[in-house]
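I have placed the structure first, in the form of structure tokens, so that the comments after it can refer back to it.
The values are calculated or read from the model by the stated rules, or taken from the named source; none is laboratory data. Treat the numbers as computed from the prediction; the structure is a model and nothing was measured. Glycine gets a Cβ as well: all are built from the backbone with ideal geometry, and neighbour counts include every protein chain shown.
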Amino acid sequence: MPDDGLMRGKHWIEPCMPREEGWTEPMKLGVERMIRASERLSVLVGSHTRAELGRLLQITNSYYTNLIEGQHTEPADLAERRSARNNERLWELGVEHMVVQGEFEQRLAEQRPVWAEMFSQPLIVALHRELFAQAADNDLTLADGFVMVPGDLRSVSGREVVVGRHRAPASDTIESMLARLVEAYGRYPDTTHRLIAAMACHHRLAFIHPFPDGNGRVARLCTHLHLQYLDLASPLWSLSRGLAKRQSDYLRLLAAADAPRKGDLDGRGQLSESALCEFIEFMIDVSLDQMSYVESALAMETLGESIERAIAYADQFRKAGVKAECAQPLQVLFERGEMERAVFKRFTGMGDRLATQQLSALISCGVVEAPTPKSRTIYAGVPLWYAEHLFPQLHRRFRESLN
């Protein structure tokens, strides 16, 4: 074995999971609060609206993960390029993040793998490969001239890396460490342990640094998929938004959890158990903050006021001549996800002819969707401009992300 001072062997990422007796009260209470919050969120809107919001928040996740990586992309540009991608094969990390997230969310819903597979090397490799699959060579070329191959672990090239003060584990030990993640996190049957495992894995995956570049994106996307697997309403809120909001804490606590054990009372592995618990507390706190943000925006009174303001001030509504009477039926449609065309028109309180004209205006604005001009059922639409009225500061450049 080379005497180069690099970490070799899977024992270097222990403890992967904090001992249950070492769980802090904020961790335990935070998990309970997340489960209750997800239950509340899941009944606030119908399935169609939930799917629309999930598609919208793919843009949000991409926008904020780009900010965390020091890249700024306008949400409107991301939305436009996503729709053009299939025709033009545009490549930009922000666009690919949205598309890949959507594809893996769909696979997860259709295939429903066992929990252990959510930590597997094939999944982690596939995420990296798909994120960078459309990149040109100059986009894959790192500062020292090394050309990264999408999906190739560092072990393929034997590349060793230093990230800030963190000297990543030796490239020839990556596979054994990734296998250890499956052993450590994939064995739990209950939501509480699985949620703790997902948050712990976020750090340990970043610690391993399995790829030459792109590890932060992969780790955040992995955690998003873990939360979706656990039905914690993750399509309705963005973890990356919360991490960007507290970016300095995120980076500080990631680094702190790299620290070695601080004595016999700090777990039984090479790394600090207390620092890992502090990181998990942080991730849960960020999640709760974002869940609360969405829950507040979707509260009946708040949502109604937001729609009324949008009708009064949004250029799209004003140019289409949308009247204030449409606010209530729009809210009901948003909450239910779908309703009969005739019922929507009655909710306006207008005569049939005027109600029909107003409904056509709303369809042209994209806030109502109709499969055909005379379809009996209509659906809620959530274009980006409308969402930014319903969710204040949804795509805000937080001060920490500007540093």
Take segment 92-107 and flag every residue that is in a helix (DSSP H, G or I) and surrounded by 17 or more Cβ atoms within 10 Å (Cβ to Cβ). Leu93, Gly94, Val95, Glu96, His97, Met98, Val99, Val100, Gln101, Phe104, Glu105
For a quick check of your reading of the model, give me the residue pairs whose first member lies in segment 102-117 and is modelled with pLDDT of 95 or more, whose second is among the aliphatic types (A, V, I, L, M) and assigned to a helix (DSSP H, G or I), with beta-carbon atoms closer than 6 Å and at least 6 apart or on different chains. Ala116/Val182
Hits in segment 21-58 (condition: more than 18 Å from Met291 (Cβ to Cβ) and in contact (Cβ under 8 Å) with a residue 12 or more places away in the chain): Gly22, Trp23, Thr24, Gly46, Ser47, His48, Ala51, Glu52, Arg55
Could you list all residues from segment 356-386 that are part of a loop (DSSP other than H, G, I, E, B) and touching an Asp or Glu at 6+ places or on another chain (Cβ under 7 Å)? Arg376, Gly381, Val382
Considering residues that are in a loop (DSSP other than H, G, I, E, B) and over 22 Å from Arg159 (Cα atoms), the number found within segment 172-223 is 5
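Results for (1) of a type in the set (Phe, Trp, Tyr); (2) part of a helix (DSSP H, G or I); (3) modelled with pLDDT of 90 or more; (4) over 15 Å from Gly216 (Cα atoms), shown as yes or no for each residue.
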site: Ser248; (1), (2), (3), (4): no, yes, yes, no
site: Leu251; (1), (2), (3), (4): no, yes, yes, no
site: Leu265; (1), (2), (3), (4): no, no, no, yes
site: Gly269; (1), (2), (3), (4): no, no, no, yes
site: Leu276; (1), (2), (3), (4): no, yes, yes, yes
Does Phe211 satisfy the criteria of being among the aromatic types (Phe, Trp, Tyr) and over 19 Å from Met17 (Cα atoms)? yes
Answer yes if at least one residue in segment 180-194 is assigned by TED's automatic domain parsing to the domain that holds Val31, within 25 Å of Leu251 (Cα to Cα) and more than 24 Å from the chain's Cα centre (by Cα), and no otherwise. yes
Segment 118-154, residues that are touching a residue at least 40 places away in the same chain (Cβ under 8 Å), within 29 Å of Ala200 (Cβ to Cβ) and surrounded by fewer than 16 Cβ atoms within 10 Å (Cβ to Cβ): Leu142
With respect to Asp152, determine if the residue is of a type in the set (D, E, K, R), out of contact with any helix residue (DSSP H, G or I) (no Cβ under 9 Å at 6 or more places or on another chain) and not in a helix (DSSP H, G or I). no
(1) in contact with a strand residue (DSSP E or B) (Cβ under 7 Å, 6 or more places away or on another chain); (2) at pLDDT 95 or above: which one isn't true of Thr141, the others all being true? (2)
Identify all residues within segment 5-50 that are part of a loop (DSSP other than H, G, I, E, B) and among the polar types (S, T, N, Q); write none if there are none. Thr24
Number of positions in segment 320-343 that are surrounded by 15 or more Cβ atoms within 10 Å (Cβ to Cβ) and either on the phi > 0 side of the Ramachandran plot or not assigned by TED's automatic domain parsing to the domain that holds Ile378 (or both): 1
Which residues, counting only those in segment 344-355, are assigned to a helix (DSSP H, G or I) and surrounded by 15 or more Cβ atoms within 10 Å (Cβ to Cβ)? Phe344, Lys345, Phe347, Thr348, Ala355
